[in-house]
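Throughout, read-outs are computed from the coordinates displayed, never taken from laboratory work. Small disclaimer: the values here were computed from a predicted structure and weren't measured. We place every Cβ from the backbone using ideal geometry, glycine too, and count neighbours over all the protein chains shown.
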Amino acid sequence: MFCNLFFFSLDCRTRQAKTIGWSISRFVIYIDQCWKMEENKDASLLVIVMDTNPSQRIIRENPHHLTQCLDSIVAFANAHLMQKAQNKLAVLACHHHATEFLYPTPGKPLDIRQVDGQYEAFTLVEKTIKQKLAKVISEAPRLTVPTESLLAGSMAMALCYIARVHRNKPAGVKINSRILVVTGSNECASQYMTYMNVFFTAQKQNVSLDVCALDKPLSLLQQGCDITGGQYLKLPQLDGFLQYLLWVFLPEPLTRCKLVLPPPVKVDYRAACFCHRELIDIGYVCSVCLSIFCKFSPICTTCHTVFKAPAPIAAKPKKKKMKT
Ligand SMILES: [Zn+2]
Ligand SMILES: [Zn+2]
């Protein structure tokens, strides 16, 4: 099979055929990886954090975009489950007032009728997510001004869920976990501390963080992807969202090194000051607790350490003129 594919991709002259050949070879590498994983009995847990805040620009401009994104995410989630029977899935909706689990939901699973041609587990995922999201949106308080999404909190909740799954797993089973954040919100430095705590906890728990930015580039989340070894993608256009998801985010982080993915962008590692929550280039750092401030303050507001005021910089004595 490998040889046939190889010749196929070499013989292709047209661009489209080359693309098909390339896709098939990617697929073969992918299946190969899946077989290896099957031998190892490794399971993969994917937690999708979906930003459903109506303040997002793409949703304000066209509410239909939310349905479009939801359909793509459901198809992507089912593609993840399809890869292996042991694969697990969780989907969280991040709203402006709360974070809710869309799948799995506590209690008895929904009663679903068999739909011809669709595997029952996929129908269950789709129905549960859509029904729960409709409930979340209808119960959300009305917004008068655009409000930021509670992304950092949702990611912390995803990490808690992953920790619980790991605690309850049967002995001898290995679970590779990752989080995928899909958001069109702007970044808010006000959640800087929570973001950093989430990133370093994820790194310690070996959880990769993938981010798909639908609207603006997100520098803080980009730092998170870089720290945890995940993939960051700023979507060039909303059309073909599912294709981007399947191409970039469906393969496991271990497989990705074998694929041609978007090149890594330069990460903006600026930090937010603790006083105004704004990203700064140069600032003061508390030597005790490493808090960052944009201006000198004699008492650290985090750990209350008292610092001496910096001495004024003494003017350099002028060099004496050389006697001639
Ligand atoms: Zn400041
Ligand atoms: Zn301090």
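Dipole of the chain, Cα-centred, from +1 at each Lys and Arg C-beta and -1 at each Asp and Glu C-beta, to the nearest 20 debye? Show your work: numbers first, answer last.
Details: 38 positive and 24 negative charges, 382 e Å.
Once rounded to the nearest 20, the dipole reads 1840 debye.
How much length is gained if the chain between F200 and A171 is pulled fully straight, taking 0.36 nm per residue apart and subtracting their Cα-Cα distance, in nm to one decimal? Display every interim value, and only then the final one.
Details: separation 29, 0.36 × 29 = 10.44 nm, distance 2.63 nm.
Here the answer is 7.8 nm.
Please state the relative contact order of region 166-211 as a whole percent: Cα pairs under 8 Å, 6+ residues apart?
Numbers: 23 pairs, mean separation 26.8, N = 46.
Reported relative contact order: 58 percent.
So how much slack lies between V260 and T67, counting 0.36 nm per residue of separation and subtracting their Cα-Cα distance, in nm? Working shown, then result.
On the way: separation 193, 0.36 × 193 = 69.48 nm, distance 2.96 nm.
Length gained, V260 through T67: 66.5 nm.
Roughly how tilted is helix 151-167, in degrees to the nearest 10 and between 0 and 90, from the longest Cα axis of the chain?
Rounded to the nearest ten degrees, it is 60.
Give the order of Y195, Y161, Y119 when sorted by the count of other beta carbons within 10 angstrom, beginning with the fewest. Could you put the intermediate results ahead of the total?
Values: Y195 21, Y161 18, Y119 13.
Ordered by Cβ neighbours within 10 Å, fewest first: Y119, Y161, Y195.
How do L238, L214 line up, fewest other C-beta atoms within 10 Å first?
Working: L238 16, L214 21.
With the sparsest Cβ surroundings first, the list reads L238, L214.
For region 108-211, would you read off the P(r) tail past 16 Å as a percentage of all alpha carbon pairs? Don't skip to the answer; put the middle values down first.
Working: 3843 of 5356 pairs.
Of all Cα-Cα pairs in region 108-211, 72 percent lie more than 16 Å apart.
Out of every Cα-Cα pair in region 270-316, what percent are more than 14 Å apart? Intermediate results must be reported in sequence, preceding the final value.
On the way: 534 of 1081 pairs.
Here the long-distance tail beyond 14 Å is 49 percent of all Cα pairs in region 270-316.
Can you tell me the orientation of helix 120-139 relative to the chain, as the angle in degrees between its alpha-carbon axis and the longest Cα principal axis, to the nearest 10?
Around 50 degrees separate the two axes.
Can you compute 3J(HN,Hα) from phi for each residue in region 258-269, using the Karplus curve 6.51 cos²θ - 1.76 cosθ + 1.60 with θ = phi - 60°, rounded to whole Hz and x for Gly and Pro?
8, 10, 8, 10, x, x, x, 8, 5, 7, 7, 9
For Q118 and T301 in the same chain, what is the full-extension length gain: residue separation times 0.36 nm, less their Cα-Cα distance, in nm?
Here the segment from Q118 to T301 would lengthen by 60.1 nm.
What residues qualify as long-range amide H neighbours of Y103, i.e. H under 5 Å apart, gap of 5 or more or another chain, H built at 1.01 Å from N?
Those qualifying (amide H under 5 Å, at least 5 residues apart or on another chain) are V91.
Too long at a 18 Å Cα-Cα cut-off: which of K174/K204; K216/K266; K108/K130; K108/K132; K84/K108; K234/K266? Kindly include the intermediate steps, with their values, before the conclusion.
Details: K174/K204 16 Å; K216/K266 16 Å; K108/K130 16 Å; K108/K132 14 Å; K84/K108 24 Å; K234/K266 13 Å.
K84/K108, as the Cα separations exceed 18 Å there.
Nearest 10 degrees, 0 to 90: what angle lies between the long axis of helix 15-40 and the longest principal axis of the chain (Cα atoms)?
The helix 15-40 is inclined about 90 degrees to the chain.
Rank I299, T194, L124 by how far each Cα sits towards the positive end of the charge dipole of the chain (+1 on Lys, Arg Cβ; -1 on Asp, Glu Cβ) and give me just the farthest.
The one lying farthest along the dipole's positive direction is I299.
For the chain, compute the orientation-averaged projected area of the C-alpha convex hull (one quarter of its surface), in nm². Write down the numbers at each step before the final one.
Values: hull surface 115.7 nm².
Projected over every direction and averaged, the Cα hull of the chain covers 28.9 nm².
If each DSSP helix of 4+ residues adds -39,500 (n - 2.57) and the sum is divided by the residues in the chain, what number results at 222 nm, nearest 500 deg cm²/dmol?
Numbers: 9 runs with 125 residues, N = 324.
Calculated mean residue ellipticity at 222 nm is -12500 deg cm²/dmol.
By counting other Cβ atoms within 10 Å of each Cβ, how are C212, C289 ranked from fewest to most? Write out the running numbers ahead of the final one.
Details: C212 25, C289 13.
So the ranking, lowest neighbour count to highest, is C289, C212.
For region 304-310, just list the computed ³J(HN,Hα) in residue order, Karplus coefficients 6.51, -1.76 and 1.60, θ = phi - 60°, integers in Hz, with x standing in for Gly and Pro.
6, 6, 9, 10, 6, 5, x
Please list, ordered by chain and number, the residues whose modelled amide H lies under 5 Å from the amide H of S44; skip anything fewer than 5 residues away on the same chain.
Distant-sequence amide H within range of S44: N87, K88, N176.
Compute the relative contact order of the chain as a whole-number percentage, counting only Cα pairs closer than 8 Å that sit 6 or more residues apart in sequence. Write out the running numbers ahead of the final one.
Working: 418 pairs, mean separation 48.7, N = 324.
In percent, rounded to a whole number, it is 15.
Report ³J(HN,Hα) in whole Hz for each residue of region 43-54, in order, from the Karplus equation J = 6.51 cos²θ - 1.76 cosθ + 1.60 where θ = phi - 60°; Gly and Pro get x.
Those phi angles translate into 10, 10, 10, 10, 10, 9, 9, 10, 7, 10, 4, x Hz.
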